[in-house]
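Just below is one structure, and these are the notes that go with it.
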Amino acid sequence: MTGATGPAVVELRGADKVFSNGMRGLAPIDLCVQPGEFVTLIGPSGCGKSTLLKLIANLIAPTSGELGWWGEGFERVGQPGHQIAFVFQEPTLMPWSRVDTNVRLPLDLDHVSKEQAAPRVDAALANVNLTGFRRHYPRQLSGGMRMRVSIARALVTDPDLLLMDEPFGALDEFTRNRLDDDLLRLSFERKLTTIFVTHSLYEAVFLSTRVIVMAANPGRVFAEFRVDEPEPRGDDFRTSARFAELSRELSKILHAASVAGGAEA
Ligand SMILES: Nc1ncnc2c1ncn2[C@@H]1O[C@H](COP(=O)(O)OP(=O)(O)O)[C@@H](O)[C@H]1O
Ligand SMILES: [Mg+2]
């Protein structure tokens, strides 16, 4: 899991962000994510989690410092073995298109023929247990199912690095737990590297191999927290004394991070 033999999937060296209005969104960040890691970013609202994820996705550029992807610049991203997919909090589906057309979108944008795309769309839908819903419209699906479509649309590109910004934050706890279960199974089976933003410390403990706790004013890495619990994880782990203990430890660090960022204690 440490991937000592190959380059890091993504590496930040002193990467920071000052916005055009002069506000510092992120202090310089050093971060190295190895193949197969499931890294969660957690911290108070406004501490720069989304900004950090956007830097990693190259949606915005750092003000200073550098980033590398698989040991190289962003030019190589998109080639086999160097594919990045992004899942947002809102499923952002096209309401006028059926589920399978929504999932096929990244392949259409990549000019993949419909014949070549079809088996990949089928596989992605099967991965998220939506095979029977391919001809439905988004409005005919529950919130959890719409999020599954959004995940299938990310998986159809066969990503190596999956970036997710509070994807399950709007869902009820039961649905979120089931999606967490499925996400862990998928990341494990497909050897994905995942960077995941959440507000939920329980979700962070359940999913992560490593939790990055951030603090605000300015946005920065406050602490790292490792969860050395073997895969596969499921309800046994979620209901274990070990889980409760890890959650308690992480809760204390989060509290310290919010105090350090100027939140009222
Ligand atoms: N484009 C922007 N211009 C100015 N300020 C921004 C911009 N984007 C984000 N911010 C500010 O940067 C801080 C970090 O934002 P964000 O990364 O969205 O935090 P988080 O995702 O942790 O809630 C916030 O104070 C936010 O208002
Ligand atoms: Mg955010």
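Structure notes:
- Cβ-Cβ FRET estimate between ALA256 and ALA61, R0 fixed at 30 Å, reported to 0.05: 0.45
- Of the DSSP H helices in the chain, those whose Cα atoms cover at least 15 Å axially and whose Kyte score averages -1.0 or more: 99-109, 114-127, 143-155, 173-189, 241-260
- Share of carbon and sulfur in the accessible area of region 89-158 stands at 52%, probe radius 1.4 Å.
- Excluding same-chain neighbours fewer than eight residues apart, the lysines reachable from LYS17 by a Cα-Cα span under 24 Å are LYS49, LYS54.
- Dipole-positive endmost among PHE188, GLY234, PRO218 within region 146-242 (Cβ charges, Cα centre): PRO218
- Span per principal axis, largest first, for the Cα atoms of region 4-157 (Å): 47, 36, 26
- Placing a label point 7 Å from the Cα of GLU224 along the Cα-to-Cβ direction, the residues of region 176-195 with a backbone N closer than 18 Å are 193-195.
- Heavy-atom accessible surface of region 176-244: percent carbon and sulfur, 1.4 Å: 53
- Here the chain has an Rg and Dmax of 18.5, 58 Å, counting Cα atoms alone.
- Rounded to the nearest 20 debye, the dipole size of region 89-158 about its Cα centre is 300 debye, using +1 on the Cβ of Lys and Arg and -1 on the Cβ of Asp and Glu.
- Rotationally averaged projected area of region 113-192 (alpha carbon convex hull; nm²): 5.6
- Using a Gaussian network model of the chain in which every pair of alpha carbons under 10 angstrom is joined by a spring, one finds that among MET214, MET23, MET145 the greatest mean-square fluctuation is at MET23.
- Using alpha carbons only, the radius of gyration of region 89-158 set against its Kirkwood radius gives Rg/Rh = 0.92.
- Centroid-to-centroid separation of region 125-179 and region 10-32 [C-alpha atoms, Å]: 30
- Charge dipole of region 1-119 (Cα centre as origin; +1 on each Lys and Arg Cβ, -1 on each Asp and Glu Cβ, all else neutral): 280 debye, rounded to the nearest 20.
- Site pair PHE74 and ASP110 shows an inter-label distance of 1.9 nm when each label is modelled 7 Å from Cα along Cα→Cβ.
The values are calculated or read from the model by the stated rules, or taken from the named source; none is laboratory data. Since this is a predicted model, take the numbers as computed values, not measurements. Backbone-built Cβ (ideal geometry, glycine too); neighbour counts: all protein chains shown. With ligands, DNA and RNA removed, areas are computed over all heavy atoms of the protein, side chains included. Shrake-Rupley method; radii C 1.70, N 1.55, O 1.52, S 1.80 Å.
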